[in-house]
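Working notes, beginning with the structure itself.
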Amino acid sequence: MIDGRSRRYLIETWGCQMNQHDTEKMAGILAGLGYVPTADDREADVILLNTCSIREKAESKVYGRLGRLRRLKMANPDLFIGVVGCVAQQVGQGIFSRAPFVNLVMGPRNLSRLGELIEEARREGRSIGLARDDDPIEFPFGTMARASGPKAFVTVMEGCNKSCTYCIVPFTRGREVYRPATEIMAEVTQLAQEGYREVEFLGQNVNAYHHEGSDLASLLRMADRIPGIRRVRFTTSHPGHLKRTIMDSFRDVPTVCNHLHLPAQSGSDRVLKAMNRGYTRSKYVSKLEFMRRSVPGMAFSTDLIVGFPGEGPRDFGETLQLMRDIEFDQVYAFAYSPRPGTEAARLEAIVPREAQQERLGELLSLQESIQTRRNRTLMGQVFEVLVDGVGRLDNGLLRGRTRCNRIVHFPGPAQRGVLIDVRITRAQPHSLLGEVLPNSRPA
Ligand code: SAM
Ligand code: SF4
């Protein structure tokens, strides 16, 4: 308490679902220490920046934000500022040199030490918690303050043992560590009892999960048996670890949703090799084709990097061709960004920024036409939708997701967290509009 009021915290989050979930964990710790959330940085006693270093732009945003926070700190010297997450792990002590007013630097493997590190920094002025590979990843799930409903994220593993030549994640999140299946299922059971209908298993390389005889396919089967759980997803998968048993789960395990995010990164074998991805275009394509044949309405999304060093017009053309061949339901495309310490950062055949941007534009416009066409084929079809709440558009419509992960807007009184049937009445490239079926009984 300060002046008879509770201390307030603000956590700003950049990056992937793992970071979003890490924020839920830190929010839980702060709540346990008596802090309450605020959205106003001028009111906060503690501000944590949960950072992402996957691309240079994400990292520079953190420094931009710190520049503004410096002014707040000058006005209020008691303000506690922490830089946490991947930039913290990557830059370490260097954060204090760039921003001496920062009180805490903490990597993503040290979350459970947050309370202790805040305490230490309050005593000593500063504290730092950087991860080692053998740091435990256990986190008491009862302490999380989940913000992600109606879907709940569940960490199944941390870290990544791959060495994609462009990627900083193995440096910031360390080697792979897996949670025991019994612990994961205890968390899922608890979530079901709290009313969550959908869970998403998280890991940077989630389909490499293995622990004491269990793999991802066994986790999916176990979660399917937990009463109350209606939908299970997992992210992010690596094409090399997409075993037959996991592919079969989409067909055989009723709660596993018919959508897979499977980053391809490029359609060119030459570039895939330079990226050290460990698969060829044809291996990637054959897995998707197999699932499309065996699972009705199977949807795919992917990540693509354009302008990787040495990517020529022909390689880029092969990426466009992959998009035409597969017709992904969604694509997340990024201009290659060199990251410190990675192998690709030493490559010389750099693709100029203008060429990267031009390729990115071409790729996104192709995807827009593919999505428009694909979404139009869904007109008139009925989908089970899990209601998220009111959409971001200012039109009063509700928003939800289909099992194939499409966003649907629709009018109606349904409540957040219920499952209802919606008929698609209009298709846009990035979302669908629909109407709730009159006889749809919320589940
Ligand atoms: N583990 C996942 C995988 O194997 O694809 C994804 C990890 S990363 C958080 C998410 C995406 O960021 C990657 O799939 C990749 O497309 C992109 N990415 C990673 N490093 C990048 C870089 N140096 N420049 C541009 N995009 C990058
Ligand atoms: Fe990065 Fe590759 Fe690991 Fe994904 S699999 S996190 S892209 S190193």
Quiz item: Ranked highest first by average number of other Cβ atoms within 10 Å, how do 60-68, 201-209 line up?
Solution: 201-209, 60-68
Quiz item: What does the accessible area per residue of the chain come to in Å², with a 1.4 Å probe and no ligands, DNA or RNA counted?
Solution: 45
Practice problem: Just grab the label-to-label distance for Arg5 and Lys283, each label 7 Å out from Cα along the Cβ direction, in nm (one decimal). | Solution: 5.8
Quiz prompt | Accessible carbon and sulfur surface of the chain relative to its total accessible area, %, 1.4 Å | solution = 50
Quiz item: Along the charge dipole of the chain, Cβ charges K/R +1 and D/E -1, which of Gly389, Val422, Gly195 sits furthest on the positive end?
Solution: Val422
Exercise. Please report, in debye to the nearest 20, how large the charge dipole of the range 304-443 is about its Cα centre when each Lys and Arg carries +1 at its beta carbon and each Asp and Glu carries -1 there.
Key: 600
Quiz item: Of Ser218, Met291, Met275, whose Cα points farthest to the positive end of the dipole of the range 195-312 (charges on the beta-carbon: +1 Lys, Arg; -1 Asp, Glu; origin at the Cα centre)?
Solution: Met291
Quiz item: To the nearest 20 debye, what is the magnitude of the charge dipole of the range 335-401 about its Cα centre, counting +1 on the Cβ of each Lys and Arg and -1 on the Cβ of each Asp and Glu?
Solution: 180
Practice problem: Would you mind putting 90-96, 213-219 in packing order, based on average other-beta-carbon counts within 10 Å, highest first? | Solution: 213-219, 90-96
Exercise. Compute the distance in nm between two label points, each set 7 Å from the Cα along the Cα-to-Cβ direction, one at Tyr63 and one at Gln20.
Key: 2.9
Exercise. Calculate, in nm to one decimal, what Arg314 and Met379 gain on full extension: separation in residues at 0.36 nm each, minus their alpha carbon distance.
Key: 19.8 nm
Self-check item: Most to least packed among 223-231, 45-53 [average Cβ atoms within 10 Å]
Solution: 45-53, 223-231
Quiz item: Stretched out fully, how many nm does the piece from Arg346 to Lys273 gain, at 0.36 nm a residue minus the Cα gap?
Solution: 24.7 nm
Self-check item: Cα-centred dipole magnitude for the chain, charges only on beta-carbon of K, R (+1) and D, E (-1), debye, nearest 20
Solution: 660
Quiz item: Quick one: if you stick a label point 7 Å off each Cα along the C-beta vector at Arg353 and Arg416, how many nm between them?
Solution: 4.0
Quiz item: What relative contact order, as a whole-number percentage, does the chain give when Cα pairs under 8 Å and 6 or more residues apart are counted?
Solution: 10
Self-check item: Rg/Rh ratio calculated on Cα atoms of the range 95-254 (Kirkwood radius)
Solution: 1.02
Quiz item: Contour minus end-to-end for Glu138 and Glu362, with contour as 0.36 nm per residue of separation and end-to-end as the Cα-Cα distance?
Solution: 76.3 nm
Practice problem: Report the residue, chosen from Gln381, Gln265, Gln330, that carries the largest GNM mean-square fluctuation when the chain is represented by alpha-carbon nodes joined by springs under 10 Å. | Solution: Gln381
Quiz item: For Asp224 and Arg244, FRET efficiency with R0 = 22 Å and r from the beta-carbon atoms, rounded to 0.05?
Solution: 0.75
Quiz prompt | Protein-only accessible surface order, largest first, of Arg146, Arg126, Arg173 at 1.4 Å | solution = Arg126, Arg146, Arg173
Quiz item: By the gyration tensor of its Cα atoms, with a ≥ b ≥ c the square roots of the eigenvalues, what is the shape of the chain: rounded for a/c under 1.5, prolate for a/b over b/c, or oblate?
Solution: oblate
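The values are calculated or read from the model by the stated rules, or taken from the named source; none is laboratory data. The structure displayed is predicted, hence computed values, not measured ones. Note that each Cβ is placed from the backbone with ideal geometry, even for glycine, and that neighbours are counted across all protein chains shown. Protein only, heavy atoms only, side chains kept; ligands, DNA and RNA dropped before computing areas. Shrake-Rupley method; radii C 1.70, N 1.55, O 1.52, S 1.80 Å.
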